[in-house]
Amino acid sequence: MNTTYDFQNIFSHFSIEGELTECERYGEGLINETYCMTVNCRGNNVRYILQRINHRLFKEVDKLMQNIELVTECSRKSVLARGGDPEHECLNLIRTKEGKSYYCDGTNYFRVYKFIENAIVLNIVRTPEDFYECAVAFGDFANLLSTFDASKLYEVLPNFHNTKIRYKNFVNAVEKNIAGRKDEVQKEIDWVIAHKDLCGKLVDKLESGELPLRVTHNDTKLNNVMLDAKTGKAVAVIDLDTIMPGLLAYDFGDSIRSGCNSAAEDEPETSKVHFRYDLYETYLRGYLSSVGKTITEEERKSLPVGGVLMTYECGMRFLTDYLEGDTYFRTMRKGQNLDRARTQFKLVDEMLENFDRMEKAALTEGRN
Ligand code: ADP
Ligand code: GN1
Ligand code: MG
């Protein structure tokens with residue numbers, strides 16, 4: 001759906017000096033609507049990120065934004081403490097003229113961030129060095145979140161990575177068959193059912209207390225970290241909507257899901273999709289070097305499980321959305337969610353083939 005908004009009006013509510021000259025759709029995020037605004041300020045072009053918050057998903061925008069305010073404030077302090085530049089190395093919210101962190105036009109909710117310039121995001125890993133950088137950035141971010149008082153955070157999307165609940169939603173979507181697409185994807189449905197035993201592998205250990213609950217990012221895909229356009233060094237972790245209590249394995253796992261894919265997430269030709277074990281080892285090295293000493297033995301062991309589970313879960317979510325008529329993830333063409341589901345299932349198959357060595361590496365990395 002192509003919606004346009006009264007950008008001049010939206011812009012006028014934020015404390016930004018200058019005139020809005022351009023506002024274009026931007027980035028590859030699947031959840032919010034992101035725009036790049038260009039503002040002429042005393043003869044210079046200054047860019048900002050404008051996002052229409054997906055309030056169908058994030059129903060309590062006020063609480064969501066309170067979380068983001070807290071986390072950006074905390075990351076600002078940590079960047080300052082290490083002698084970095086917080087204007088560049090973390091997300092900076094621009095307030096409205098009334099001092100709020102978002103603006104509501106009566107229907108839609110908008111927020112504005114400073115544009116992090118001279119930085120890029122990747123959708124496919126270019127070099128192992130890039131991915132190592134992402135690992136260090138997310139490991140550092142996990143460290144930062146470990147200092148965070150979880151009780152201050154509102155749980156934006158409860159059960160976000162509860163794979164058992166995701167499975168129930170999937171079964172429900174199959175039964176309802178709202179979009180009438182069930183017969184066409186019977187093979188994929190059977191595949192998900194055949195792997196049902198995976199569902200409890202993390203949540204059961206959380207419930208039994210074997211894995212500790214932490215504060216996690218929960219959406220650590222490759223394009224949620226920005227790298228310096230010249231040096232490739234990690235600059236900032238972005239997309240802070242889903243920060244809430246979670247497992248380390250969720251964050252580690254989602255990066256493996258998105259980064260260790262030899263092809264695009266929505267590659268239609270699954271023969272091009274392979275699990276890059278070499279990149280798994282690279283990420284593991286970077287992550288364990290930065291995540292800190294509080295990681296428990298059981299958590300180390302859970303990291304490769306996270307890779308498998310986040311990929312299985314995400315594939316199941318894509319297939320669920322396909323069955324429900326593509327209402328959750330942004331799609332640009334028919335069949336895109338199905339292609340996404342298929343890439344994830346292929347990755348899971350290959351991860352399971354490699355699982356023993358993935359686990360061995362997780363238990364030995366940094367100890368030899
Ligand atoms: P979504 O929740 O839809 O994934 P994101 O917050 O991840 O939304 O933003 C989508 C994309 O917009 C990112 O992948 C990145 O390319 C770009 N982006 C987001 N914030 C910034 C920023 N502050 N500076 C530059 N680019 C950004
Ligand atoms: C969404 O927002 P974005 O595009 O970074 C989704 C993730 C999925 C991912 C799959 C809030 O991430 O959970 O893993 O798409 N985010 C939300 O690409 O549902
Ligand atoms: Mg994103």
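The values are calculated or read from the model by the stated rules, or taken from the named source; none is laboratory data. Bear in mind the structure is a predicted one, so any value in this text is a computation, not a measurement. Here the Cβ positions follow ideal geometry from the backbone for every residue, glycine too, while neighbour counts run over all protein chains shown. Heavy atoms of the whole protein, side chains included, go into the accessibility calculation; ligands, DNA and RNA do not. Shrake-Rupley method; radii C 1.70, N 1.55, O 1.52, S 1.80 Å.
The single condition among (1) in contact (Cβ under 8 Å) with a residue 40 or more places away in the chain; (2) surrounded by 15 or more Cβ atoms within 10 Å (Cβ to Cβ); (3) of a type outside the set (Ser, Thr, Tyr) that GLU60 does not meet is (2). Checking each residue in the stretch 148-195 for being outside any loop (DSSP other than H, G, I, E, B) and among the polar types (S, T, N, Q) picks out SER151, THR163, ASN169, ASN172, GLN186. Residues that are crowded, with 19+ Cβ neighbours inside 10 Å, modelled with pLDDT of 95 or more, within 16 Å of ligand 2 (Cβ to nearest atom) and more than 30 Å from SER75 (Cβ to Cβ): does the stretch 158-172 have at least one? So far as the stretch 158-172 goes, yes, one or more of its residues are crowded, with 19+ Cβ neighbours inside 10 Å, modelled with pLDDT of 95 or more, within 16 Å of ligand 2 (Cβ to nearest atom) and more than 30 Å from SER75 (Cβ to Cβ). Every test in (1) in contact with a Ser or Thr (Cβ under 8 Å, 6 or more places away or on another chain); (2) open to solvent by 80 Å² or more (accessible area, probe 1.4 Å); (3) more than 15 Å from ligand 2 (Cβ to nearest atom) is passed by CYS74 save one, and that test is (2). On inspection, THR270 fails the criterion of being of a type in the set (Val, Ile, Thr) and either at pLDDT below 95 or open to solvent by 50 Å² or more (accessible area, probe 1.4 Å) (or both). Taking every residue in the stretch 161-174 that is under 10 Å from VAL203 (Cα atoms) and pairing it with any residue that is hydroxyl-bearing (Ser, Thr, Tyr) and not in a helix (DSSP H, G or I), at least 6 positions away or on another chain, yields no pair with a Cβ-Cβ distance below 6 Å.
Taking (1) more than 21 Å from PRO128 (Cα to Cα); (2) among the basic types (Lys, Arg); (3) open to solvent by 30 Å² or more (accessible area, probe 1.4 Å) in turn, ARG285 satisfies each apart from (1).
Scanning the stretch 1-48 for residues that are within 16 Å of ligand 2 (Cβ to nearest atom), in a loop (DSSP other than H, G, I, E, B) and open to solvent by less than 90 Å² (accessible area, probe 1.4 Å) yields a count of 5. Does the stretch 88-113 hold any residues that are charged (D, E, K, R) and either under 15 Å from VAL225 (Cα atoms) or modelled with pLDDT under 95 (or both), and which are they? The answer is GLU89, and nothing else.
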